[in-house]
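Participant: Below you'll find the structure I mean.
The values are calculated or read from the model by the stated rules, or taken from the named source; none is laboratory data. Small disclaimer: the values here were computed from a predicted structure and weren't measured. Neighbour counts are summed over all protein chains in view; Cβ atoms, including those assigned to glycine, are modelled from backbone coordinates with ideal geometry. For accessibility, only protein heavy atoms count, side chains too; no ligands or nucleic acids. Shrake-Rupley method; radii C 1.70, N 1.55, O 1.52, S 1.80 Å.
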Amino acid sequence: TGFAFVLKSSNQDGAAPWVVTEDITLVNNVTRGAGGGVNLSGGGDGNPAGVTSRLTFYNNLFLDIGGAQWSSDGRAFQILNGPPDVWYVHNTTVAGNSFATCDGSNPAPGFVYRDNLVEHGNYGFFGSGTGQGTAALQAFFTDPVFEGNLIVGGGDSAADWAIGLQGI
């Protein structure tokens, strides 16, 4: 799919139900020239593997994410099927489409998005079927923390979450 990082639990042919992806920290990386930044899946997609959980992304730089040269719309972070306890802290992203896109039916606990510098792109923080900003956060996470972020661009559509969403 063109993502630089893909993190999910996968159990080929159902022979290893103990397979799980958890307790991963990605720190101090520079990622340039990719269709997408990070693609996460919590599980629940018919695969009998364990739930992907407890992932931390700290102090990473994502540049030149998406665009025609990479045949992608440019999603910095894609979060599917509600992985619990995911933290994005102190990252910088320049991506054309969105700095985060969510999809799936399992709202996840423990989501933290703090102190990041991001380009809004076309859709900002987007949730499939819900739109962007506060609506997406509330639909896909049970207790989100979204604070101290600097979101560049977006105009009036970013107004409800650019200030940090204290009080969700």
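Participant: Given a 1.4 angstrom probe, what's the average accessible area per residue across segment 1-142, in square angstrom?
Facilitator: Working: 6170 Å² over 142 residues.
Here the residues of segment 1-142 average 43 Å² of exposed surface.
Participant: Rounded to the nearest 500 deg cm²/dmol, what is the calculated helix-only ellipticity per residue at 222 nm for the chain, with -39500 (n - 2.57) per DSSP H run of length n ≥ 4?
Facilitator: After summing the helix terms and dividing by the residues of the chain, the value is -1500 deg cm²/dmol.
Participant: While we're looking at this one, here's another question. Which of the peptides 126-139, 84-97 is most tightly packed, and how do the rest follow, judged by the mean count of other Cβ atoms within 10 Å per residue?
Facilitator: Numbers: 126-139: 18.1, 84-97: 20.6.
Listed from highest to lowest mean packing, they are 84-97, 126-139.
Participant: Rg over Rh of the chain, using C-alpha atoms and the Kirkwood radius, what does it come to?
Facilitator: Numbers: Rg = 15.1 Å, Rh = 15.8 Å.
Reported Rg/Rh (Cα atoms, Kirkwood Rh): 0.96.
Participant: Over the chain, what percent of the accessible surface lies on carbon and sulfur atoms, probe 1.4 Å?
Facilitator: Working: 3990 of 7620 Å².
Ligands and nucleic acids excluded, carbon and sulfur give 52 percent.
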